[in-house]
Amino acid sequence: MDETDLLDGLARYLAERGLVTYTSGGDLTDDCFLEHMPAEPDEAVVLTIYDDRTEPDSLLPYDEPRVQVRVRGTTDPRVSRLRCAAIRSHLHGLGPVILPDGTHLILSVSIQAAPASMGVDNNQRHEHVCNFRMEIRQTSLHRP
């Protein structure tokens, strides 16, 4: 397979380290999801690429996508905050590494010092978030 998927690669990387449960095909026991927070399970992690409105430099051999890690826990705020902090610890400063999907991650940098609270959802489950700037190698006909 020639295509890479940054979110799938990050989810698989985190699963290999025991921080999430994730299968690329989606399993009922998974607690890590890509781009969508389901109603269940209570404790869940969502990885999303978001647009920060910066124009990519076509002369650089890498792109800088922004990735958000959103963690939902229980009515105890420590559950989501500590899990988010553990994921941040594994991703902040990571690189260079080839992720399990084949993505060449040059560097991952947290753009905040600690997980930020997003408050509680309708079921009073606390959520925390941390954001990252990723540098991933890109090759194309017009790049070095």
Open item on the list: Among the residues in the stretch 79-93, are any under 15 Å from the mean Cα position of the chain (by Cα) and assigned to a strand (DSSP E or B)?
Closed with: no
Open item on the list: Just to verify a result, which residue in the stretch 31-58, among those that are of a type in the set (Gly, Ala, Ser) and assigned to a loop (DSSP other than H, G, I, E, B), is modelled with the lowest pLDDT?
Closed with: Ser58
TODO: Give the residues of the stretch 1-30 that are closer than 17 Å to Leu99 by Cβ, among the hydroxyl-bearing types (Ser, Thr, Tyr) and in a loop (DSSP other than H, G, I, E, B), sorted by residue number.
DONE: Thr4, Tyr22, Thr23, Ser24
- [ ] Looking at (1) surrounded by 15 or more Cβ atoms within 10 Å (Cβ to Cβ); (2) at pLDDT below 95; (3) out of contact with any Phe, Trp or Tyr (no Cβ under 9 Å at 6 or more places or on another chain), find the lone condition where Gly9 falls short.
- [x] (2)
Open item on the list: Condition first: within 16 Å of Arg12 (Cα to Cα) and polar (S, T, N, Q). Now tell me which residues in the stretch 90-110 satisfy that.
Closed with: Thr103, Ser108
TODO: Confirm whether Ser89 is polar (S, T, N, Q) and over 23 Å from Val120 (Cβ atoms).
DONE: yes
TODO: Write out, first by first residue and then by second, each pair whose Cβ atoms fall under 6 Å of each other, whose residues are 6+ apart or on separate chains, and whose first residue, in the stretch 71-99, is free of Cβ contacts under 8 Å to residues at least 40 places away in the same chain and on the phi > 0 side of the Ramachandran plot while the second is part of a helix (DSSP H, G or I) and of a type in the set (Phe, Trp, Tyr).
DONE: none
Open item on the list: I'm trying to understand the selection: among the residues of the stretch 98-119, which are assigned to a loop (DSSP other than H, G, I, E, B), closer than 9 Å to Cys130 by Cβ and touching a Lys or Arg at 6+ places or on another chain (Cβ under 6 Å)?
Closed with: Ile111, Pro115
Open item on the list: Return the pair list, or none, for Cβ contacts closer than 7 Å from residues in the stretch 57-69 that are over 22 Å from Ala116 (Cα atoms) to residues that are among the charged types (D, E, K, R) and not in a loop (DSSP other than H, G, I, E, B), at least 6 apart or on different chains.
Closed with: Pro61/Arg137; Tyr62/Glu135; Tyr62/Arg137
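The values are calculated or read from the model by the stated rules, or taken from the named source; none is laboratory data. The shown structure was predicted, so the numbers you read here are calculated from the model rather than taken from an experiment. As a convention, Cβ positions derive from the backbone with ideal geometry for all residues, glycine included, and neighbour counts pool all protein chains shown.
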